[in-house]
Structure formats: structure tokens, C-alpha cells
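Peer 1: So that we are looking at the same thing, I have put the structure below in C-alpha cells.
The values are calculated or read from the model by the stated rules, or taken from the named source; none is laboratory data. Quick caveat, the model's predicted, so the values are computed rather than measured. Quick reminder, even Gly has a Cβ in these numbers, built from the backbone with ideal geometry, and neighbours come from all protein chains shown.
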Amino acid sequence: MATLARRLGKPLSARLFPLPGKRSGDHITFDSPHLLDIRLP
């Protein structure tokens with residue numbers, strides 16, 4: 001985030017969500033159109 005914020009010349013932030021019980025490789029889906037579905041690294 002710091003590198004991207006510096007490159008774009010503006011402050012950026014990231015929101016981290018704790019996901020208890022999830023493991024690497026699990027697919028995560030969100031109901032919000034503002035969040036992306038991901039596969040955990």
C-alpha cells in the first residue's frame with residue numbers, strides 16, 4: 001500500500017478482515033459489491 005500510495009501521490013488505506021477458521025487456498029466470497037471475492041494465498 002505504501003508503494004502504491006507513493007506512486008499515485010495520494011494517501012491510500014487497506015481494510016483487513018480476520019477470517020477465523022480459514023486456511024491458505026480457501027475461496028472467500030463477500031456479499032458486498034464493493035469487495036472482491038478472493039482465494040487466500
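Peer 1: So D26 passes all but one of these: (1) at pLDDT below 95; (2) in contact with a Leu (Cβ under 6 Å, 6 or more places away or on another chain); (3) surrounded by 10 or more Cβ atoms within 10 Å (Cβ to Cβ). Which condition number does it fail?
Peer 2: That leaves (1) as the condition not met.
Peer 1: Here is a follow-up. Check off (1) modelled with pLDDT of 95 or more; (2) part of a loop (DSSP other than H, G, I, E, B) for R7 and give me the number that stays unchecked.
Peer 2: That leaves (2) as the condition not met.
Peer 1: Taking R15, is it assigned to a helix (DSSP H, G or I) and loosely packed, with under 10 Cβ neighbours inside 10 Å?
Peer 2: Working: assigned to a helix (DSSP H, G or I): no; loosely packed, with under 10 Cβ neighbours inside 10 Å: yes.
So R15 fails the test.
Peer 1: Right, next: Give all pairs with beta carbons closer than 6 Å in which a residue from segment 8-21 that is closer than 20 Å to L36 by Cβ meets a residue that is among the β-branched types (V, I, T) and not in a loop (DSSP other than H, G, I, E, B); count only pairs at least 6 apart in sequence or on separate chains.
Peer 2: none
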